[in-house]
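One structure below.
The values are calculated or read from the model by the stated rules, or taken from the named source; none is laboratory data. These numbers were taken from a predicted model, which means no experiment stands behind them. Here the Cβ positions follow ideal geometry from the backbone for every residue, glycine too, while neighbour counts run over all protein chains shown.
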Amino acid sequence: MCHNAALIMPKDGAMRQPAGPPGQRPDLGRAGHPAQVGPVRQSAPLTAAVCLAIAVASATGRLDAQTTPPAAFEVHEKSIVELQDAMRSGLVSSVQLVDAYLARIRAYDQDGPRINAMIAVNARARETAAALDEERRTRGPRGLLHGIPVVVKDNYATVDMPTTGASKALDGFQTGRDAFMVKKLRDAGAVIIGKTNLHELAYGITSISSLGGQTRNPYDPTRNPGGSSGGTGAAVAAGFAAAGLGTDTCGSIRNPAASNNLVGLRGTAGLSSRDGILPLAHTQDIGGPLARTVTDLAIVLDATVGFDPADPNTRASEGRVPRTYFSTMGDISLQDTRIGILTPLFGTAPEDAEVAGIARQAIGAIGQLGADVIEIAMPGLDDLLRGTSVISAEFKFDLMDFLAAFPNAPVKTLGAIVAGGKYDPAIDGVLKRAEAVASRDSEAYRTALAKRDTTRDAVLAAMTSRGITALAYPTLRRKPARIGEPQAGSNCQLSPTTGLPAISIPAGFTEDGLPVGLDLLGLPFSEPALLKAAYAYERSVAPRKPPRSTPPLAQ
């Protein structure tokens, strides 16, 4: 229902739910609370946000008999190419696509299974879509993303919505600008339909936050969706948009991809710009896409990578990015591919066995497509990875540097956030440990960076000496944890430690129907080879199965 619903409508046009009574924290399924107690956020306000997005358009003359998608056209599980074909043929418009996705958000995000993936809905989405429809009519489409609704994680700066990192400490924070990757999406013609929840300030992997609450996994709403980009993962899996952007510091794109039966890519260090992304650790952070298909991921990748003067790291990508990733995936033969099964990352505990078996079956399917598959033991890998993460060493200073660029930032330092207490207790320990770091350049920090170089050299030597195209291992060794429980078994560290690209692809499902992901880690700027292997596997196996909790609205 779209009447009598309360709504907070900031001047920027972004629609956000009321925060609730002072001191009340939107717990869901944390220790001591049943996993299905009450909505994390009130259903009415976000429903009102969706309704108002339609009402605003109606008031300005943009709602007519053609704004409801034809009954024969359903956005559920439609690929970007299928949506683009439908718009090209006149079967549907971008405005109608926005309406269709808003209807799914209204039905499933704060109602039904209450996925709770969205933290804001863009009030200007229909206006943007209408302008893109007119541009298509008069000038033709800009490309494959023209008029396509997408979501972005709420740690990307957006000119038309607040950027909060899902933290009450940053509630209402207006950056007044777009992150580089967001601007690239808009330049390609994408419609930013909304922003997604994340593990607060991206500092965790179960996607709970003080501002957004707990996001649920569409495949089992009693379980978490991975993180920290769990809102994007759940939103794309549930069909709230065609694709989305996440960030990855240690698994935060790939863990949600694995947990939501999606494809997610952490690119080579320097492939995409970090400009305008609320930082966690600048030497490990990178943005990237999550999508339901490899083709969709490649389309978003094409739009968002490349050199940015504001991020010197991206200079490394110059001359190493193909004309389009989309055009590199036509051949599904893998005769020139060698996969190394990285056995140390499969785990040895009994709880690891089910996921390990599913991952090996997926690798076997890749082998059946012509790839050579060998085992790689890499003795001492655990020791090489130990002590290489620098998140706690960098976060305090990176956050301060980011906020210093915005005079209107509600807080300026991590210390102020800790002192104010406006964050979820789930991140209390990590925030206080990070705040206690005294120096940007400690001996321990320098040692960790040096050890990274050693680890990278060892991994590259193991791959090149054997002619390895990609190392394969489970993204997560355990299935998604129940809400309120920690997520065990993340294999997140190898890619950020080495700076090498890794793509998580759907490997299959556990006996109780939970998704499992497989990481393929490649050589520097070998994203085309990773995409080719992922695409061939996807074409052969068809691993994508939509969640039952968010079916087509007609059902």
Exercise. List pairs: first in segment 533-544 and at negative phi and among the hydrophobic types (A, V, I, L, M, F, W, C), second modelled with pLDDT of 95 or more and part of a helix (DSSP H, G or I), Cβ under 7 Å, 6+ apart or cross-chain?
Worked result: Ala533/Ile366; Ala534/Val294; Val541/Ala365
For this session: Considering only segment 305-363, state which residues are farther than 18 Å from Glu375 by Cα, hydroxyl-bearing (Ser, Thr, Tyr) and touching a residue at least 12 places away in the same chain (Cβ under 8 Å).
Result: Thr314, Ser317, Thr324, Tyr325, Thr328, Ser333
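Filtering segment 82-104 down to residues that are touching a residue at least 24 places away in the same chain (Cβ under 8 Å) and aliphatic (A, V, I, L, M), which residue is surrounded by the most Cβ atoms within 10 Å (Cβ to Cβ)? Full working, then the answer.
Step one: list which residues in segment 82-104 are touching a residue at least 24 places away in the same chain (Cβ under 8 Å), which gives 83-84, 87-88, 93-104.
Restricting the remaining residues to those that are aliphatic (A, V, I, L, M) gives 83, 87, 95, 97-98, 100, 102-103.
Numbers: Leu83: 24, Met87: 21, Val95: 26, Leu97: 27, Val98: 30, Ala100: 21, Leu102: 23, Ala103: 16.
The selected residue is Val98.
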For this session: Mind listing just one residue for me: the one in segment 139-184 that is more than 18 Å from the chain's Cα centre (by Cα) and not in a loop (DSSP other than H, G, I, E, B) and, of those, farthest from Pro407 (Cα to Cα)?
Result: Arg139
For this session: Return the total of residues in segment 105-126 being surrounded by 18 or more Cβ atoms within 10 Å (Cβ to Cβ) and touching a helix residue (DSSP H, G or I) at 6+ places or on another chain (Cβ under 7 Å).
Result: 13
For this session: Answer yes if at least one residue in segment 276-295 is of a type in the set (Asp, Glu), farther than 24 Å from Ile205 by Cβ and either crowded, with 23+ Cβ neighbours inside 10 Å or in contact (Cβ under 8 Å) with a residue 40 or more places away in the chain (or both), and no otherwise.
Result: no
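Yes/no matrix, rows are residues, columns are (1) hydrophobic (A, V, I, L, M, F, W, C); (2) assigned to a strand (DSSP E or B):
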residue: Lys195; (1), (2): no, yes
residue: Gly204; (1), (2): no, no
residue: Pro225; (1), (2): no, no
residue: Ser228; (1), (2): no, no
residue: Val236; (1), (2): yes, no
residue: Leu245; (1), (2): yes, yes
residue: Thr249; (1), (2): no, no
residue: Thr268; (1), (2): no, no
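Could you say whether any residue in segment 312-319 is closer than 30 Å to Asp178 by Cβ and touching a strand residue (DSSP E or B) at 6+ places or on another chain (Cβ under 8 Å)? Don't jump to the end; show me each part of the working.
Filtering segment 312-319 for residues closer than 30 Å to Asp178 by Cβ gives 312-319.
If we keep only those that are touching a strand residue (DSSP E or B) at 6+ places or on another chain (Cβ under 8 Å) too, we end up with 314.
Yes; the residues of segment 312-319 include at least one that is closer than 30 Å to Asp178 by Cβ and touching a strand residue (DSSP E or B) at 6+ places or on another chain (Cβ under 8 Å).
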For this session: Scan segment 505-555 for residues that are in contact with a Phe, Trp or Tyr (Cβ under 6 Å, 6 or more places away or on another chain) and among the polar types (S, T, N, Q) and jot them down.
Result: Thr550
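Under the condition of being of a type in the set (A, V, I, L, M) and assigned to a loop (DSSP other than H, G, I, E, B), which residue from segment 321-344 is surrounded by the fewest Cβ atoms within 10 Å (Cβ to Cβ)?
Across segment 321-344, the extreme among qualifying residues is Ile332.
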For this session: Determine, yes or no, whether Thr348 is of a type in the set (S, T, N, Q), crowded, with 19+ Cβ neighbours inside 10 Å, over 18 Å from Pro279 (Cβ atoms) and over 26 Å from the mean Cα position of the chain (by Cα).
Result: no
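Here's the yes/no breakdown for (1) more than 23 Å from Asp383 (Cβ to Cβ); (2) touching a helix residue (DSSP H, G or I) at 6+ places or on another chain (Cβ under 7 Å):
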residue: Thr464; (1), (2): no, no
residue: Pro480; (1), (2): yes, yes
residue: Gln493; (1), (2): no, yes
residue: Leu520; (1), (2): yes, yes
residue: Ser526; (1), (2): yes, no
Seminar exercise, completed: Within segment 135-173, residues without any contact (Cβ under 8 Å) to a residue 12 or more places away in the chain and of a type in the set (Ser, Thr, Tyr) come out as Thr138
Exercise. When you scan segment 181-197, how many residues do you find that are closer than 20 Å to Leu144 by Cβ and crowded, with 24+ Cβ neighbours inside 10 Å?
Worked result: 7
Seminar exercise, completed: Checked segment 461-489 for anything surrounded by fewer than 22 Cβ atoms within 10 Å (Cβ to Cβ) and of a type in the set (Gly, Ala, Ser); matches are Ala461, Ala462, Ser465, Gly467, Ala481, Gly484, Ala488, Gly489
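If you check Pro221 against the conditions, is it within 27 Å of Asp428 (Cβ to Cβ) and in contact (Cβ under 8 Å) with a residue 12 or more places away in the chain?
On the way: within 27 Å of Asp428 (Cβ to Cβ): yes; in contact (Cβ under 8 Å) with a residue 12 or more places away in the chain: yes.
Judged against the criteria, Pro221 is a match.
Which residues, taken from segment 62-90, are modelled with pLDDT under 95 and among the polar types (S, T, N, Q)? Spell out the reasoning first.
In the first step, residues of segment 62-90 are kept if they are modelled with pLDDT under 95; the result is 62-74.
Gln66, Thr67, Thr68 - these are the residues of segment 62-90 that are modelled with pLDDT under 95 and among the polar types (S, T, N, Q).
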Problem set entry | Per-region count, segment 292-325, residues in contact with a helix residue (DSSP H, G or I) (Cβ under 9 Å, 6 or more places away or on another chain), among the hydrophobic types (A, V, I, L, M, F, W, C) and over 19 Å from Leu83 (Cα atoms) | 4
Seminar exercise, completed: Within segment 81-127, residues of a type in the set (S, T, N, Q) and assigned to a loop (DSSP other than H, G, I, E, B) come out as Ser89, Ser93, Gln110, Asn116
Exercise. Inside segment 429-444, can you point out the residues that are touching a residue at least 40 places away in the same chain (Cβ under 8 Å) and assigned to a loop (DSSP other than H, G, I, E, B)?
Worked result: Val437, Arg440, Ser442
For this session: Examine segment 378-400 for a residue that is over 26 Å from Arg456 (Cβ atoms) and exposed (fewer than 13 other Cβ atoms within 10 Å of the Cβ), and state whether such a residue exists.
Result: no
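Given the condition surrounded by 13 or more Cβ atoms within 10 Å (Cβ to Cβ), among the β-branched types (Val, Ile, Thr) and closer than 23 Å to Arg266 by Cβ, answer yes or no: does some residue in segment 511-519 qualify? Quick ask: steps written out before the conclusion?
Kept after step one, since they are surrounded by 13 or more Cβ atoms within 10 Å (Cβ to Cβ), are these residues of segment 511-519: 514-519.
From what's left, among the β-branched types (Val, Ile, Thr): 516.
Adding the requirement that they be closer than 23 Å to Arg266 by Cβ leaves 516.
Checked segment 511-519: at least one residue is surrounded by 13 or more Cβ atoms within 10 Å (Cβ to Cβ), among the β-branched types (Val, Ile, Thr) and closer than 23 Å to Arg266 by Cβ.
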For this session: Can you tell me which residue among Arg440, Arg433 is loosely packed, with under 14 Cβ neighbours inside 10 Å, within 17 Å of Glu200 (Cα to Cα), of a type outside the set (A, V, I, L, M, F, W, C) and touching a helix residue (DSSP H, G or I) at 6+ places or on another chain (Cβ under 8 Å)?
Result: Arg433
